[in-house]
1. Exactly one condition in (1) open to solvent by less than 20 Å² (accessible area, probe 1.4 Å); (2) closer than 17 Å to residue 56 by Cα; (3) without any contact (Cβ under 8 Å) to a residue 40 or more places away in the chain is not met by residue 104; state its number.
2. Which of (1) under 27 Å from residue 100 (Cα atoms); (2) surrounded by 16 or more Cβ atoms within 10 Å (Cβ to Cβ); (3) among the charged types (D, E, K, R); (4) touching a residue at least 60 places away in the same chain (Cβ under 8 Å) does residue 37 not meet, given it meets every other one?
3. Assess whether residue 143 counts as being at positive phi and out of contact with any Cys (no Cβ under 6 Å at 6 or more places or on another chain).
4. Could you go through segment 102-118 and let me know if any residue there is of a type in the set (S, T, N, Q) and in a helix (DSSP H, G or I).
5. Count, please, the residues in segment 183-217 that happen to be open to solvent by less than 40 Å² (accessible area, probe 1.4 Å) and in a helix (DSSP H, G or I).
6. Return yes when residue 13 is open to solvent by 50 Å² or more (accessible area, probe 1.4 Å) and either among the aromatic types (Phe, Trp, Tyr) or at pLDDT 90 or above (or both) and no when it is not.
7. Out of the residues in segment 40-59 that are closer than 25 Å to residue 111 by Cβ and either without any contact (Cβ under 8 Å) to a residue 40 or more places away in the chain or open to solvent by 30 Å² or more (accessible area, probe 1.4 Å) (or both), state the one that is nearest to the chain's Cα centre (by Cα).
Amino acid sequence: MYDFSFEITYEPGADEYVDLFIDRGSLQSEATYSCLDPTELWKLESVTGDAADLDAVDELLLDGSVDRESISGRACRSARATSLLTEEQRRRVAYTYVSDVDYCESVPLITAKYVDGGVLFEQTLSGDTVRWRVLVQDDSKIGMLYDTLSAKLGDGLSFSFEHLTEVDHWESELLSRPDVPAEQRETLLLAVERGYFETPRDVTLDELAAELDEPRSTVSYRLRRATAELAKRFADQQS
């Protein structure tokens, strides 16, 4: 197997969805795609950030009429269905299925024209940069894929190659996310972002509790349980 990684950088105004991540620094997106042929794909996307920023992204994230796949500036001609799987104060998980594709210049669908047997993709979006990891069985057509992706980019987008590496396994953080309950994960993420684990601390437990609108004892319990679970998993990985 081969891991083909590259970045696409967006200028402000080039894409309305990416613009939200440029304007709102707390937003982060991780997505996993699968594409079996050039006519359909599915996408599982997790978006995290401050509550107000997530509220702003909801409309585009869940609007099935919004094309978030094309890299050329030309809208995809396809059917699209989007479902909200998880809604938390600081996290959304959405599932998108694109089918009956007549025309769509997206990274997964372009790749499917060159690579047989199915392809798995991981996409991360932060600020103005979308980073792609593409897992393929054969690297014989990666050069043609590279040229095609570069040529298809719309105005305001630029392509940067990172690496092509042979691998014997491939891990996705989105698919292998530790099994920490949603309320514990939300509390832990907020604690990290607000500096609770810094020395000295940038925020107190009382301040976290006030922001989450939860009793202090509940926030303390969630933090203890979440950190204990992560510590156990870390220890298991070392053994």
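The values are calculated or read from the model by the stated rules, or taken from the named source; none is laboratory data. These numbers come from a predicted model, not from an experiment. Note: ideal-geometry Cβ built from the backbone for every residue, glycine included; neighbour counts use all protein chains shown. For the accessible areas, the whole protein counts, side chains as well, though only heavy atoms, and no ligand, DNA or RNA atoms are used. Shrake-Rupley method; radii C 1.70, N 1.55, O 1.52, S 1.80 Å.
1. (2)
2. That leaves (2) as the condition not met.
3. Numbers: at positive phi: no; out of contact with any Cys (no Cβ under 6 Å at 6 or more places or on another chain): yes.
Judged against the criteria, residue 143 is not a match.
4. Yes: segment 102-118 contains one or more residues that are of a type in the set (S, T, N, Q) and in a helix (DSSP H, G or I).
5. Filtering segment 183-217 down to residues open to solvent by less than 40 Å² (accessible area, probe 1.4 Å) leaves 184-188, 190-191, 195-196, 203, 205, 208-209, 212.
Okay, now just the ones that are also in a helix (DSSP H, G or I), so 184-188, 190-191, 205, 208-209, 212.
Going through segment 183-217 one residue at a time, the tally reaches 11.
6. Working: open to solvent by 50 Å² or more (accessible area, probe 1.4 Å): yes; either among the aromatic types (Phe, Trp, Tyr) or at pLDDT 90 or above (or both): yes.
Against the criterion (open to solvent by 50 Å² or more (accessible area, probe 1.4 Å) and either among the aromatic types (Phe, Trp, Tyr) or at pLDDT 90 or above (or both)), residue 13 qualifies.
7. Narrowing segment 40-59 to residues closer than 25 Å to residue 111 by Cβ: 40-47.
Retained after the next criterion (residues that are either without any contact (Cβ under 8 Å) to a residue 40 or more places away in the chain or open to solvent by 30 Å² or more (accessible area, probe 1.4 Å) (or both)): 40, 42, 44.
On the way: 40: 19, 42: 13, 44: 8 Å.
Step by step, filter segment 40-59, then rank; the result is 44.
Conditions (1) in the same structural domain as residue 11 (by the TED database); (2) touching a Cys at 6+ places or on another chain (Cβ under 7 Å); (3) modelled with pLDDT of 90 or more; (4) among the aliphatic types (A, V, I, L, M), marked per residue:
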{"residue": "68", "(1), (2), (3), (4)": "yes, no, no, no"}
{"residue": "76", "(1), (2), (3), (4)": "yes, yes, no, no"}
{"residue": "81", "(1), (2), (3), (4)": "yes, no, no, yes"}
{"residue": "89", "(1), (2), (3), (4)": "yes, no, no, no"}
{"residue": "103", "(1), (2), (3), (4)": "yes, yes, no, no"}
{"residue": "109", "(1), (2), (3), (4)": "yes, yes, no, yes"}
{"residue": "113", "(1), (2), (3), (4)": "yes, no, no, no"}
{"residue": "120", "(1), (2), (3), (4)": "yes, no, no, yes"}
{"residue": "123", "(1), (2), (3), (4)": "yes, no, yes, no"}
